[in-house]
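Undergrad: Quick one: structure below, then a few questions.
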């Protein structure tokens with residue numbers, strides 16, 4: 001077939017064009033990492049929505065619905081779940097970034113919390129996103145290439161080609177290429193979602209036929225469970241240990257998955273886009289109308305249509321549709337999907353590269369590295385990360401999948417330091433650091449990766465993945481918040497440096513709530529908690545039967561949970577609008593942000609300390625590796 | 001802070017417009033020819049015209065016209081597709097629906113292009129876009 005290579009060439013040419021434009025504007029390296037903080041608000045809004053939605057919606061969300069039905073209705077609220085963290089954090093993080101003239105969340109954490117542990121956590125999270133989370137989606141894309149070319153192009157070749165194109169434009173153009181081309185990729189990705197859904201509905205025979213097919217399934221007792229939430233919670237030992245009654249889609253499974261989804265916009269990638277934005281004008285509009293509105297509609301309508309079409313007939317899954325469509329449509333949809341996946345992957349690669357080089361390697365081991373040198377080393381690291389990802393896609397797909405599933409729950413653990421910087425300024429440094437440590441432990445102990453590692457070392461945990469049908473993100477954040485609150489109570493007013501105190505003063509002065517906001521606070525809490533309870537929480541069980549008539553007839557002509565989700569998507573859109581504009585959490589701000597002038601400090605020669613640190617690091621790695629091997633040999637299996 | 005050039009933002013919008021509407025229109029047009037459905041091809045042409053309209057709206061927002069590169073690309077693509085159409089017509093493998101579809105595409109694009117030139121530059125101005133006086137007749141000649 002000629003169309004896929006033709007469209008692929010067009011896409012590759014477009015990426016190189018934008019990489020060249022970006023490199024020219026970067027002056028080769030000067031604004032490589034942050035695009036000179038020049039991204040327009042509308043570009044940022046599109047990039048943020050595109051990285052959150054486009055690949056995930058088609059590859060993950062629709063596949064889940066196509067397999068399991070409506071058991072996790074939170075998937076249909078993902079647009080709102082993605083938007084809420086942005087409403088909470090983006091404006092305040094942007095203000096802090098501007099005030100301190102910093103361009104990444106790693107630098108902000110180092111400045112505010114003075115914690116190298118948090119810096120390392122951010123670097124690890126970004127790396128997992130770059131290698132594994134994006135790698136899983138790129139691996140799925142390689143599989144589609146193999147299917148679309150009837151095996152003429154093998155998976156390794158496809159993965160390599162996709163990896164080269166991806167790494168190429170990131171290495172050449174940096175953040176500017178990711179931002180500029182990302183806006184195009186986001187639009188292409190959204191168009192592909194609409195296209196996939198449209199073709200799925202057409203192939204099924206129309207929306208009425210789609211729902212008729214679902215009704216036939218729901219009437220079959222063997223499949224009826226796919227149309228209901230399986231209770232509020234089930235106290236099982238977790239997947240792999242003890243099967244849940246019916247299925248694992250309980251209301252608390254939905255709630256905890258919503259928390260995991262909220263990790264994405266607290267991830268270093270989303271905050272990188274925020275900190276590269278020129279002005280905060282677009283955050284409210286972006287989160288409300290682009291993310292929760294347009295993105296939410298894509299999810300609640302298009303993703304649902306695509307998933308349900310596959311639920312009725314698995315041949316109408318994404319792969320099946322691409323195979324059955326005319327080649328020009330198949331190629332166009334594939335490129336749209338690829339654009340969405342590469343948007344997220346490109347951003348993740350850049351952020352991981354920056355975190356590893358600028359925020360870990362340079363300050364710890366090579367302080368004399370110049371700006372130009374940092375960009376060069378980052379380019380090398382981006383290439384290496386892309387290579388590792390491609391190799392893992394082909395050689396160790398199970399490990400890749402286990403690592404990838406860590407990305408969202410680990411990113412959620414960054415909520416506590418973010419909350420401490422922006423809203424809950426009484427969170428103390430020791431509390432946040434300890435909390436994040438406990439949160440990560442909670443995630444690892446309830447994720448297949450952590451369970452497998454412990455099993456390898458000889459410790460078999462008595463539970464499996466997601467015990468009590470609760471996602472690891474919730475286990476982690478519960479431990480994280482509990483420890484943070486507890487330690488904060490014991491360490492009040494301790495542990496803040498000059499920058500942290502200045503940040504607190506700055507935020508407090510600039511964003512003092514007016515009388516209207518203060519008056520609306522209780523309303524905001526009530527509305528938000530009600531939405532959380534009904535849309536993604538225990539109230540989901542009401543959705544099982546809310547729109548059922550006599551003899552279980554569907555009053556809306558669609559499954560009750562789908563109708564329930566649509567109602568609460570609209571309500572969620574209202575909530576996001578209310579919080580963004582009326583509560584002024586993300587509302588536009590037009591004041592000039594003064595730059596913080598730090599007190600002058602002497603910079604002592606660090607070269608000796610860096611050498612010592614490097615030796616200590618290498619020794620630690622060697623000893624740690626030896627210990628792991630010894631433990632595995634002694635107790636492992 | 002270096003503000004992004006308006007030209008960059010315009011280019012992003014133009015890329016996005018054509019990547020979505022252009023390729024969708026082309027796909028629907030080809031689908032019409034494949035299925036021998038003239039109405040489907042007409043819908044494809046309508047989507048391509050919509051892409052042009054969106055392009056002109058973006059130009060209006062940024063207070064500019066088509067760039068030389070866009071003009072060359074557009075006319076080049078038009079010529080290339082026209083050549084393919086003529087070659088296919090000479091080959092004799094086309095149905096009447098294919099003829100009508102092709103003629104409608106090229107006719108609509110040509111008419112739309114002329115309408116754009118006349119409305120933007122006026123009759124005389126539109127002619128001047130293509131008519132360059134030799135240097136000897138220009139103001140700069142001795």
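Undergrad: Can you run the Rg to Rh ratio on chain A? Use alpha carbon positions and the Kirkwood inverse-distance Rh.
TA: 0.96
Undergrad: Averaging over every viewing direction, what projected area does the convex hull of the Cα atoms of the stretch A:473-596 cover, in nm²?
TA: 11.9 nm²
Undergrad: Shifting gears a bit: Other chains near B:20-33: what is the mean number of their Cβ atoms within 10 Å of each residue's Cβ?
TA: 4
Undergrad: Starting with the highest mean, order A:226-236, A:296-306, A:150-160 by the number of other Cβ atoms within 10 Å, averaged over the residues of each peptide.
TA: In decreasing order of mean packing, A:226-236, A:296-306, A:150-160 become A:296-306, A:226-236, A:150-160.
Undergrad: Reported to two decimal places, what Rg/Rh ratio describes the stretch A:380-434 when computed on Cα atoms with Rh from the Kirkwood expression?
TA: 1.22
Undergrad: Averaged over A:613-622, how many beta carbons belonging to a partner chain fall within 10 Å of each residue's beta carbon?
TA: For this peptide, the per-residue mean of nearby foreign Cβ atoms is 0.
Undergrad: Report, in deg cm²/dmol and to the nearest 500, the calculated mean residue ellipticity at 222 nm for chain A, where each DSSP H run with n ≥ 4 adds -39500 (n - 2.57) and the sum is divided by the residue count.
TA: -21500 deg cm²/dmol
Undergrad: Quickly work out the residue A:523-to-residue A:366 label distance, labels modelled 7 Å from Cα along the C-beta direction, and quote it in nm with one decimal.
TA: 5.6 nm
Undergrad: Here is a follow-up. For B:7-16, what's the mean count of beta carbons from other chains sitting within 10 Å of each residue's beta carbon?
TA: Counting other chains' Cβ atoms within 10 Å and averaging over B:7-16 gives 6.
Undergrad: For a protection proxy built on the mean count of beta-carbon atoms within 10 angstrom, sort A:604-610, B:8-14 highest first, please.
TA: B:8-14, A:604-610
Undergrad: Further, regarding this structure: Over chain A, what is the relative contact order in whole percent, taking alpha-carbon pairs under 8 Å and six or more residues apart?
TA: RCO, chain A: 27 percent.
Undergrad: While we're looking at this one, here's another question. Using just the Cα positions, wrap the stretch A:357-498 in a convex hull and report its mean projected area in square nanometres, one decimal place.
TA: Average of the hull's projected areas for the stretch A:357-498 equals 11.7 nm².
Undergrad: Treat the count of other C-beta atoms within 10 Å as a stand-in for reagent exposure and order A:114, B:34, A:447 from fewest to most.
TA: Ordered from fewest to most neighbouring Cβ atoms within 10 Å, A:114, B:34, A:447 come out as B:34, A:114, A:447.
Undergrad: What angle, in degrees between 0 and 90 and rounded to the nearest 10, separates the Cα long axis of helix A:327-354 from the longest principal axis of the Cα atoms of chain A?
TA: That works out to roughly 30 degrees.
Undergrad: Among B:62-74, A:350-362, what's the highest-first ranking by average C-beta atoms within 10 angstrom per residue?
TA: The peptides rank, most packed first, as A:350-362, B:62-74.
Undergrad: Give the angle, between 0 and 90 degrees and rounded to the nearest 10, that separates the Cα long axis of helix A:3-26 from the longest principal axis of the Cα atoms of chain A.
TA: 20 degrees
Undergrad: Using only Cα atoms, tell me the angle between helix A:155-204 and the longest principal axis of chain A; keep it within 0 to 90° and round to the nearest 10.
TA: 20 degrees
Undergrad: List the pair-distance distribution P(r) of the stretch A:411-490, using every Cα-Cα distance, as the percent of pairs falling in each 5 Å bin from 0 up to the bin containing the longest distance, rounded to whole percents.
TA: For the stretch A:411-490, the pair-distance distribution reads 3, 18, 24, 19, 14, 11, 7, 3, 0.
Undergrad: Still on this structure, please answer the following. May I ask you to sort A:422, A:308, A:441, B:95 by Cβ crowding, counting other Cβ atoms within 10 Å and putting the fewest first?
TA: B:95, A:441, A:422, A:308
Undergrad: Listing A:133, A:617 from the residue with the fewest other Cβ atoms within 10 Å to the one with the most, what is the order?
TA: So the ranking, lowest neighbour count to highest, is A:617, A:133.
Just so you know, all these numbers are worked out from the coordinates, no wet-lab data involved. Note that the coordinates shown come from a computational prediction; the quantities given were computed from them, not determined experimentally. Positions of Cβ are generated from backbone atoms using ideal geometry, with glycine treated the same way; all protein chains shown enter the neighbour counts.
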